[in-house]
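S.K.: Before I ask anything, here is the structure I am working with.
Read the figures in this text as sums done on the coordinates, not as results from a lab. Fair warning: this is a prediction, and the values are worked out from it, not measured in the lab. When we count neighbours, we look across all protein chains shown, and the Cβ atoms used for this are built from the backbone with ideal geometry, even at glycine.
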Amino acid sequence: MAAWQRVCTVSSPLLTAVGILFGSLPRNCIELQLGIDPDGGSGLVEFLLTAVLISIGVAFGIYLSCQLPKLNVRRRRQFLTPR
């Protein structure tokens with residue numbers, strides 16, 4: 001398994017879980033915790049952070065699901081070749 005695939009394997013569920021957890025926070029969590037108001041209280045920044053994290057996690061998962069058949073073929077070839 002290549003290094004990029006290992007990164008995707010670890011980060012895909014992690015990013016998706018963090019995005020879901022971040023989405024469960026109140027809409028004004030940045031304003032409450034950091035004392036700044038980047039979006040005027042509308043909650044748009046929080047929504048965008050959630051959407052980006054979940055999107056990247058899902059994209060990595062799709063990438064891995066597309067790469068899985070190729071990995072299985074390589075493993076079968078390695079197993080079936082005589083040594």
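S.K.: Mind checking which of ILE20, VAL10, VAL45 is farthest towards the positive end of segment 3-80's charge dipole, using Cβ charges of +1 (Lys, Arg) and -1 (Asp, Glu) about the Cα centre?
M.R.: VAL10
S.K.: Apply the Karplus curve 6.51 cos²θ - 1.76 cosθ + 1.60, θ = phi - 60°, to the phi angles in segment 56-65 and return the couplings in whole Hz, x for Gly and Pro.
M.R.: So the Karplus estimates, Gly and Pro as x, are 5, x, 5, 4, 5, x, 5, 4, 5, 5 Hz.
S.K.: Right, next: Please check which bits of segment 18-42 a label hung off ALA59 would reach, taking the label as a point 7 Å along Cα-to-C-beta and the cut-off as backbone N under 17 Å.
M.R.: 18-20
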